[in-house]
Structures are given as structure tokens and as C-alpha cells.
Amino acid sequence: MKSPLLTLPGAVPAEGVDEGVAAHYGDLFREQRALADGTGFVDLSHRGVVAVTGEDRLTWLHLLLTQHVSDLPAGRATEALILSANGHIEHALYLVDDGGTVWAHVEPGTQEALIAYLESMKFFYKVEVVDRTADIAVVHLPAGSIAPVPESVVVRETPHGRDLFLPRAELEAFAGQAGPPAGILAYEALRVEQHRPRLGFETDHRTIPHELGWIGSAVHLQKGCYRGQETVARVQNLGKPPRRLVFLHLDGSEVHLPVAGTELRLADDGPDGRKVGFVTTSARHHELGPVALALVKRNVAVDAPLVAGDTAAAQEVVVEP
């Protein structure tokens, strides 16, 4: 879904998964600094929006999600996953309940598969699941923002800022009074700095929550049964995940960033060394320079120098080995 904000001055369209919104508006680092200072906004209107209504909505979702939501207070933000039977991550939901509806935004294009799964699990529960992507746009305001929010808009407030579920028809008017726009590249650079994983970027077909540090924030370890719980409990109580998320400081002298999927090797092993991981997201940060998130094998020493393709990389621990 193409955003009307692509007509704003300087807007350069994003590509790939984030197609439909602006990659940037002409000055990536200025946009990052504005967000870090609590000003401006990010157009996330390409993300899917799913609404769940009905008196059983919270108890029903509690049975399906990795998060404890049966008693979720109105207005409290949370995040949750849906796992496969083998414990692999299939969906990531960013939730808030407004007292009558659970609102969730999800990765672009994933809402149809999510809704299909939810519909298949309704049984006798009094719930209704609706795709609201066509009429509701997600807009992000950074932490510290004082931009006014219309009273009727549902807000999901987190330590990283506020996600607004804004009527799509009001998107252009809101942009006109919300401060300078920042593109998805600025938003992603700050996400990488904050070590926050993203479905489809830090995940592949075999990712389990422990690898990305999603235990606690998106996975509740003391709730009842849900699909994939056996794997979560077994790894938590008896073992360690095979991989772990790391933050990388990349060699700033390189012109090009290593793209997602770039193989990681131990620097001491040379160019023919064995693969020990791969880059998941890379970005140019306004203060830290070139950085990345990556998945590495659990047994890689936390202080081992790495090479991403031809680029030297120093690790910072995100998930303990």
C-alpha cells in the first residue's frame, strides 16, 4: 500500500519489504538525530493492522500467543509471537487493547496469513478478527515527542516511543503538524542500535525466541500452554539455543555495508575460514557509524574479532552464550 506521504519534499521510496513508505527524505543522519532527540515522526503505514474484538478476545489470544494477555490492562503495550509446533517463530505482533478491541501491527504483507491462522482457531470463542490495514495507518512518534495526538487515536506506548493507530484518511493532516518526517532507514538504524529484532530480518525458518532475546519481552515463561511451548520450555530449562544475536561495530573505512545474509567468519581464520554466522540487518548510524545485527553460533567467543564478507567487525553481546 503506497503512502500519500511519498509526495512530501525529498521523499525517496523504500524498496523490498518496506516498499510503500519513504526510505528517507534527503538527509538520513539529520532524520536519525531528530528521532533520537524526540522530534518528528516515522510513516509506518505499510505495516499490517489487525483488530480483534469480542468479549473473549483476551482469553482467546492468551491461548494462542507466547505472551500473557488474559489480564492485559487497557492501554498497556506488549508484544507477542506465534510459534510453529516446533517452536520456530512464525509471526510477531505488537499489541495494545483499548478496552474493547485488541489492536496489533505486524510486518508488511503478513497480516493475511496471520488472520487465516487466527480464524482457524476461533472455535466457539466470541471473537472477530478483522484486517484494518486499508483504513488504519501506523505512525511512530519517538520517545520524548510532544506532538499532539488526536483523542480518538489508539496509542501503543513503549520505552522507544509511541505507535499510533491513525485513520488512514487523517495521515496527511497529521503529518502536517507532527514535525519533520523521518524515513524507515533512520528508524531501522535506531532499531539496530537498540538491539531490537525484527521478524523476517533477524529471523529465518528455524529461529527460536531464545536466539533473539525475545524471552520476557515477547515470551512469558509462566503462562499456560500454547503452540511451540514445549520447545521454549526445553531450551529454557535444559539447554541453550544454537545461535545468538549480536551487535556488530563495522569497519568505518569500507564504502559499502555488508548486506543481509553476508557470511561471518572468525578474523583469525582468514578468508577461507568456516562460516560462523551471518548479518541480518546493517545500517549507518549517526553516531556509531556502520553497525549491524547478526546471528552467530552460540560457541563463538564473545570477544572474537569477526569479518563480515570483507569488512572487519567487532562483537557486542546481545544474547548471552
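The values are calculated or read from the model by the stated rules, or taken from the named source; none is laboratory data. These figures come from a predicted structure and were not determined experimentally. For neighbour counting, all protein chains shown are included, and Cβ atoms are generated from backbone atoms with ideal geometry for every residue, glycine included. To get the accessible areas, we keep the full protein, side chains included, count just its heavy atoms, and leave off ligands, DNA and RNA. Shrake-Rupley method; radii C 1.70, N 1.55, O 1.52, S 1.80 Å.
Points to keep in mind about this one:
- Of V155, V255, V300, the residue with the greatest mean-square motion in the GNM of the chain, using alpha carbon springs below 10 Å, is V255.
- Hydrodynamic radius of segment 146-259 by the Kirkwood approach over all distinct alpha-carbon pairs: 17.9 Å.
- The chain, accessible surface, carbon-and-sulfur percent (1.4 angstrom probe): 52
- Principal semi-axes of the equivalent ellipsoid, √(5λ) from the alpha carbon gyration tensor of segment 68-127, are 19, 15, 12 Å from largest down.
- Remark on segment 31-148: Rg and Dmax equal 15.3, 50 Å (Cα only).
- Considering only S253, P180, P242, and ranking their Cα positions along the charge dipole of the chain that arises from unit charges at the beta-carbon of Lys, Arg, Asp and Glu, the one farthest toward the positive end is P242.
- Each residue of segment 193-321 gets 109 Å³ once the volume of the Cα convex hull is shared out per residue.
- Calculated over segment 1-64: convex hull of Cα atoms, volume per residue (Å³): 146
- Value of Rg/Rh across segment 229-280 [Cα atoms, Kirkwood radius]: 1.12
- Put a plus charge on the Cβ of each Lys and Arg, a minus charge on the Cβ of each Asp and Glu, and nothing anywhere else: the dipole of the chain about its Cα centre is then about 760 debye.
- Computed as a quarter of the hull surface, the mean projected area of the alpha carbon convex hull for the chain stands at 16.3 nm².
- Interchain or long-range residues, amide H under 5 Å from R76's placed H: D97
- For segment 163-321, the solvent-accessible area of protein heavy atoms averages 45 Å² per residue (probe radius 1.4 Å; ligands and nucleic acids excluded).
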